[in-house]
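First up is the structure itself, then whatever we jot down about it.
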């Protein structure tokens, strides 16, 4: 589904107001059935461009003023509309639109957002509807991610290709869990905000009833008093100030959850492009963070990761390939730890080189096996759990970047891998690195 159709689906085509419409005209529209669920309606010029909005809360302020109807009822809406309204372009992605709305809306929430096409009015959308659409889009993205993994799993015909994608494959289940956690409380937040919206609706309806009673030429003080009592009863159960404070907190939590999901999806995107031959100037610290993000589910509750990341310069490399190497080393370190343990990751630099080390306090490697760990197809894992190509590919990637990878280990105490890369790449033939992926 295209981004514009997502936003357009959220917009109700409410007839807008003209600048010359009177406040009394506006009030009658808001009291009518077609605007019962609408907080605000745009004011547009003859060409359809949005000039501002008028909300039912503004009308309440006007008509609750003594002699408000007599003083202001015949005045044009253009004198009272808010020019700083929530606007969303119909072409904007849902996530971008939601971010804009949540960062610019006023508290307490007293207006809907206006959907525009180049400044022209398209429709009116509810903030909670936008959040619900964003949740659906995130869920769809997670489903597409799982489907993409299944396709990758079935398409691996060569052992080297299978080993390269194993890093991604082993993490998908964990990442799906990591996505489901923030997705769960995003969904809960939306449900709670929907309940808040229902409470506000009841309060607004009661206020509308009071306005009706005040405007009724045949009304009585008894009816007005009754409506006031109803509003007081609702206010005793619903504290608007506390409710809007809670909604702001929920919006913040929802944004935080979506940022977590976005970071995970972007991390997976980096690791899903292992075949692409591209170089970039990156810091090894960023590569470490990327690898740990993807490996998070595999190491949490089991391994304490200690980061000692120094001030290292950016180097020219293929970041997806370096990410793959670091992910392989981190997951191997976690697998070498029986029970709980620690992984120490350090980065530092000297005049000519940058370094990154991955050290664990796991079971270690015997001297006999240590000589063979970079040999193709050598593995100490049971049959079916490893191809023995992971460290061999890591060696080739680092070698083609003009660096070296070293290892030291002692049975019972742990293992330490050190990657050494040049600060200035001397015409490294990156095509050769890409050839590893073929």
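Between residue 263 and residue 136, what is 0.36 nm times their sequence separation minus the Cα-Cα distance? Round to one decimal in nm.
Gain in length upon complete extension: 44.0 nm.
Using 0.36 nm per residue, how much length does the chain from residue 202 to residue 246 gain when fully extended, once their Cα-Cα distance is taken away?
Details: separation 44, 0.36 × 44 = 15.84 nm, distance 1.79 nm.
Full extension of this stretch gives 14.1 nm more.
Evaluate the distance, in nm, between pseudo-label points positioned 7 Å from the Cα of residue 13 and of residue 180 along their respective Cα→Cβ axes.
Taking the two extended label points, one gets 4.2 nm.
Roughly how many Å is it from the Cα centre of the stretch 195-223 to that of the stretch 328-380, as a whole number?
Each part reduced to its Cα centre gives a spacing of 70 Å.
Evaluate the distance, in nm, between pseudo-label points positioned 7 Å from the Cα of residue 107 and of residue 147 along their respective Cα→Cβ axes.
A separation of 3.8 nm, rounded to one decimal place.
Within a 10 angstrom radius of the beta carbon, how do 401, 100, 218 rank from fewest other beta carbons to most? If you can, show how the numbers build up before the last one.
On the way: 401 24, 100 17, 218 5.
Result, fewest neighbours first: 218, 100, 401.
Say each of residue 314 and residue 408 gets a label point 7 Å from the Cα, pointing the same way as Cα to Cβ; how far apart are those two points in nm?
Once both label points are built, they end up 3.3 nm from each other.
Given contacts defined as C-alpha pairs under 8 Å and at least six residues apart, what's the relative contact order of the stretch 3-125, whole-number percent?
36 percent
Could the peptides 6-18, 299-311, 325-337, 341-353 be put in order, highest first, of the mean number of other beta-carbon atoms found within 10 Å of their residues?
325-337, 6-18, 341-353, 299-311
Can you tell me the length gained on complete extension of the stretch residue 369 to residue 280, counting 0.36 nm per residue apart and subtracting the Cα distance? Mind dumping the intermediate values first?
Details: separation 89, 0.36 × 89 = 32.04 nm, distance 3.54 nm.
28.5 nm is the gain from fully extending residue 369 to residue 280.
Only the coordinates and a few stated rules stand behind these numbers; no lab work does. Here the structure is a predicted model, which is why all the values come from computation and not from measurement. Positions of Cβ are backbone-derived with ideal geometry, glycine not excepted, and every protein chain shown enters the neighbour counts.
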